[in-house]
1. Can you tell me which residue is modelled with the highest pLDDT among those in segment 126-161 that are in contact with a helix residue (DSSP H, G or I) (Cβ under 7 Å, 6 or more places away or on another chain) and assigned to a loop (DSSP other than H, G, I, E, B)?
2. Any idea how many residues of segment 52-65 are out of contact with any helix residue (DSSP H, G or I) (no Cβ under 7 Å at 6 or more places or on another chain), buried (at least 20 other Cβ atoms within 10 Å of the Cβ) and more than 12 Å from residue 131 (Cα to Cα)?
3. Would you mind stating whether residue 189 is touching a helix residue (DSSP H, G or I) at 6+ places or on another chain (Cβ under 9 Å) and farther than 30 Å from residue 273 by Cα?
4. Residue by residue through segment 219-272, note down the ones that are farther than 16 Å from residue 205 by Cβ, touching a helix residue (DSSP H, G or I) at 6+ places or on another chain (Cβ under 6 Å) and assigned to a strand (DSSP E or B).
5. Do we find a residue being on the phi > 0 side of the Ramachandran plot and surrounded by fewer than 19 Cβ atoms within 10 Å (Cβ to Cβ) anywhere in segment 107-127?
6. Here are some conditions: (1) surrounded by 15 or more Cβ atoms within 10 Å (Cβ to Cβ); (2) on the phi < 0 side of the Ramachandran plot; (3) in contact with a helix residue (DSSP H, G or I) (Cβ under 9 Å, 6 or more places away or on another chain). Residue 305 meets all but one. Which one does it not meet?
7. For segment 156-171, name all the residues that are surrounded by 12 or more Cβ atoms within 10 Å (Cβ to Cβ) and over 19 Å from residue 199 (Cβ atoms).
8. Out of the helices (runs of 4 or more DSSP H) lying entirely within segment 20-89, which hold 1 or more residues that are in the same structural domain as residue 125 (by TED's automatic domain parsing) and in contact (Cβ under 8 Å) with a residue 12 or more places away in the chain?
């Protein structure tokens, strides 16, 4: 029995303290053998077809693993749970959600299970040992789930910042999944208009630029001198040789940070760029000032409405 316990423990150690009935059957000479461990309290039922080793700590990751093991290899962590795994802003551990191909539903688990008739090969990948919907598919699923728009905006911006997706990829996959009665597609269309930046502040700046009828800058552009990176700027107007930076509420306040910012700005100016900065307060509370000054600055650089 000690040898059996060792084999089961080795498997459970890789699965948050969980084992499936199929794994138990492979470890033991007969089902009655491992059932003695259940009777003794060393194994206890977790979810259908999955057992937990006594003493294994409870955790959100364990619930995800239990659902995946119970639902089978076609299942994927999805929606708000997938948002947490991908590291999206405004996402928090707690939700335990899965998606199955529509033909795969049937087993009952104490978690939320969605089904989809369009779960493609590129919609699922493995992250931290979990089979999970891709960042692109997760953003689309969140829109369909009718979560608050701010949460969807944060998901889009996080996916772009973390280089897990891009506005072009999101638009392409959304077009492939679009269909009658699919809630959230139009909302996502609207939110993608101002995507491309890495933060909510950058999104608000792009929205301000769009609604003012100004040309859209390129967001998050790396500037180099030879092979050396000088800076990643928030927004770039290539034609007009303008750089626009937006700074958050706190900004860079330490002497070292201010010194680094000055070096960065000086070098950009040496490269021929004119650098302007708007603060969080400007973008959120002095929008007329931003529109007026940016319009004038673009006009001086050669832009005509």
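1. My answer is 134.
2. So the count comes out to 2.
3. On the way: touching a helix residue (DSSP H, G or I) at 6+ places or on another chain (Cβ under 9 Å): yes; farther than 30 Å from residue 273 by Cα: yes.
So residue 189 fits the description; yes.
4. Hits for segment 219-272 are 230, 231.
5. The first filter runs over segment 107-127 and keeps only residues on the phi > 0 side of the Ramachandran plot, leaving none.
For segment 107-127, residues on the phi > 0 side of the Ramachandran plot and surrounded by fewer than 19 Cβ atoms within 10 Å (Cβ to Cβ): absent.
6. Residue 305 satisfies every listed condition except (1).
7. Keep residues of segment 156-171 that are surrounded by 12 or more Cβ atoms within 10 Å (Cβ to Cβ), which gives 156-162, 164-167, 169-171.
Once the filter is applied, which keeps residues that are surrounded by 12 or more Cβ atoms within 10 Å (Cβ to Cβ) and over 19 Å from residue 199 (Cβ atoms), segment 156-171 yields 169, 171.
8. Working: elements: 21-27, 31-39, 60-71, 79-86.
Because the criterion is at least 1 residues that are in the same structural domain as residue 125 (by TED's automatic domain parsing) and in contact (Cβ under 8 Å) with a residue 12 or more places away in the chain, the helices (runs of 4 or more DSSP H) in segment 20-89 that meet it are 60-71, 79-86.
The values are calculated or read from the model by the stated rules, or taken from the named source; none is laboratory data. This structure is a prediction, so every number in the text was calculated from the model and none was measured. So basically every Cβ, Gly included, is an ideal-geometry build from the backbone, and we count neighbours across all protein chains shown.
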